[in-house]
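Colleague: I'd like to ask some things about the structure below.
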Amino acid sequence: MSYNPFSLKGKNVLVTGASSGIGRATAIECSRLGAKLIITGRNSERLEETLSLMEDEAHSMVVADLSYSEGLNLLVNALPQLDGVVHSAGVLKRLPLKFVTEENLAELMQINFIIPALLTRHLYKKKILSTDASIVFISSVASSFASLGNIMYMASKGALNSFMKGVALELASSGIRANAIQPGMVKTHLTVLISDSEIEKDIDCYPLGRYGKPEEIACAVVYLLSDATKWMTGTLLTIDGGLTLR
Amino acid sequence: MSEKFIELFKETLEIEDDSVQLNTEFRKLSQWDSLAFLSLIAMIDEEYDVVIEGNDFKKLITVGDVISEIEKR
Ligand SMILES: NC(=O)c1ccc[n+]([C@@H]2O[C@H](COP(=O)([O-])OP(=O)(O)OC[C@H]3O[C@@H](n4cnc5c(N)ncnc54)[C@H](OP(=O)(O)O)[C@@H]3O)[C@@H](O)[C@H]2O)c1
């Protein structure tokens, strides 16, 4: 009965963006599969709430705004040796081209692309990643599936995908794997700017007839962190209820 | 505020005539589509530093409603 190829027992896993949505669900699922977690986000109250929803008590949290180098350093210095990293911190801003400014673009690229890139660099350079560690980036179908007003977000996730592939190749000789998950729409705090009626219309585009749930993305993260995927690197895993089929 | 807003509103939706008034139901305008919606939200954020979330915006029917929503914040 104890056979479980997806077990995360004995693995230390860092999850960014763990105070909400997909990051929170990921922290919870990983704890259920035996991982020891370090969770991070900006909002301490919601991080505590995530901790309280997790199985076992050996986990820790680090409150940090990763847009600033102080925040990034604070996090990196608080980390033990890691067997897994999940980059889930991210923001969405929909702006038609006319409204795209340098400031908006810089802010979105910073959180969705530069932070995961720099964090990965620090973890590798400081030898915090153990040999055979698995890195998971939460990208989006938006990286290549266009939707109106989504220019900046699409570009940030496209950059993230390319970065992931470069890292996968460069770190392969160290035994470190990198993969990305591309979810379709999942109802989280990220989607509050979209009205319910707009959502209803949008759901018609999903062959499986609904949006995803955070835990459905989290389970794919577990898969990529586990030893079941030891021969998998540089892959984009799409989980979108069939949205991009047609 | 009203006059300035109507000017910005017309500019955002690229409306050239005088068809926009306080009681205009903006969703009925021929220029209204999802890009117009995003542009309007972006214009209000940029000009008034107000972010109207989807479910609040849904309740606004006329141009005047949008102005009162901005003034409320
Ligand atoms: N929801 C979707 O439909 C969907 C679809 C495809 C891809 N994704 C991607 O999935 C990831 C998670 O999204 P979500 O839906 O779970 O969003 P969410 O509920 O809004 O959560 C976003 C998380 O990112 C953290 N974060 C944002 N800015 C940060 C910063 N400067 N420093 C540190 N943490 C920061 C937030 O922390 P605080 O709240 O503590 O500030 C929060 O924990 C994102 O990368 C998103 O692009 C989402």
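The values are calculated or read from the model by the stated rules, or taken from the named source; none is laboratory data. Quantities reported herein were computed from a predicted structural model and do not represent experimental measurements. Methodologically, a virtual Cβ is constructed for each residue, glycine included, from the backbone with ideal geometry; neighbour enumeration extends over all protein chains shown. The protein model used for the area step is the full one, side chains on, heavy atoms only, and it has no ligands, DNA or RNA in it. Shrake-Rupley method; radii C 1.70, N 1.55, O 1.52, S 1.80 Å.
Results for (1) more than 13 Å from the ligand (Cβ to nearest atom); (2) of a type in the set (Lys, Arg), shown as yes or no for each residue.
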{"site": "A:Arg24", "(1), (2)": "no, yes"}
{"site": "A:Gly34", "(1), (2)": "yes, no"}
{"site": "A:Arg42", "(1), (2)": "no, yes"}
{"site": "A:Glu49", "(1), (2)": "no, no"}
{"site": "A:Glu57", "(1), (2)": "yes, no"}
{"site": "A:Ser60", "(1), (2)": "yes, no"}
{"site": "A:Glu70", "(1), (2)": "no, no"}
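Colleague: Which of the following residues is more than 10 Å from the ligand (Cβ to nearest atom) and more than 14 Å from the chain's Cα centre (by Cα): A:Ala117, A:Ala159?
Modeller: After applying the criteria, what remains is A:Ala159.
Colleague: Without any contact (Cβ under 8 Å) to a residue 60 or more places away in the chain and open to solvent by 20 Å² or more (accessible area, probe 1.4 Å), is that true of A:Ala89?
Modeller: No; evaluated as a whole, the condition is false for this residue.
Colleague: Exactly one condition in (1) open to solvent by 60 Å² or more (accessible area, probe 1.4 Å); (2) part of a helix (DSSP H, G or I); (3) within 14 Å of A:Glu198 (Cα to Cα) is not met by B:Glu47; state its number.
Modeller: Failed condition: (3).
Colleague: Can you give me the number of residues within segment A:26-76 that are of a type in the set (Gly, Ala, Ser), more than 15 Å from A:His87 (Cβ to Cβ) and buried (at least 20 other Cβ atoms within 10 Å of the Cβ)?
Modeller: Of the residues in that region, 2 qualify.
Colleague: Being surrounded by 22 or more Cβ atoms within 10 Å (Cβ to Cβ) and either of a type outside the set (D, E, K, R) or not in a helix (DSSP H, G or I) (or both) is the filter here; which residues of segment A:154-182 pass it?
Modeller: The first filter runs over segment A:154-182 and keeps only residues surrounded by 22 or more Cβ atoms within 10 Å (Cβ to Cβ), leaving A:156-157, A:160, A:164, A:167, A:176-182.
Of everything in segment A:154-182, those that are surrounded by 22 or more Cβ atoms within 10 Å (Cβ to Cβ) and either of a type outside the set (D, E, K, R) or not in a helix (DSSP H, G or I) (or both) turn out to be A:Ser156, A:Leu160, A:Met164, A:Val167, A:Ile176, A:Arg177, A:Ala178, A:Asn179, A:Ala180, A:Ile181, A:Gln182.
Colleague: Right, something else. Is it the case, given these coordinates, that A:Leu92 is within 14 Å of chain B (Cβ to nearest Cβ), out of contact with any His (no Cβ under 6 Å at 6 or more places or on another chain), within 10 Å of the ligand (Cβ to nearest atom) and within 30 Å of B:Ser34 (Cβ to Cβ)?
Modeller: So A:Leu92 passes the test.
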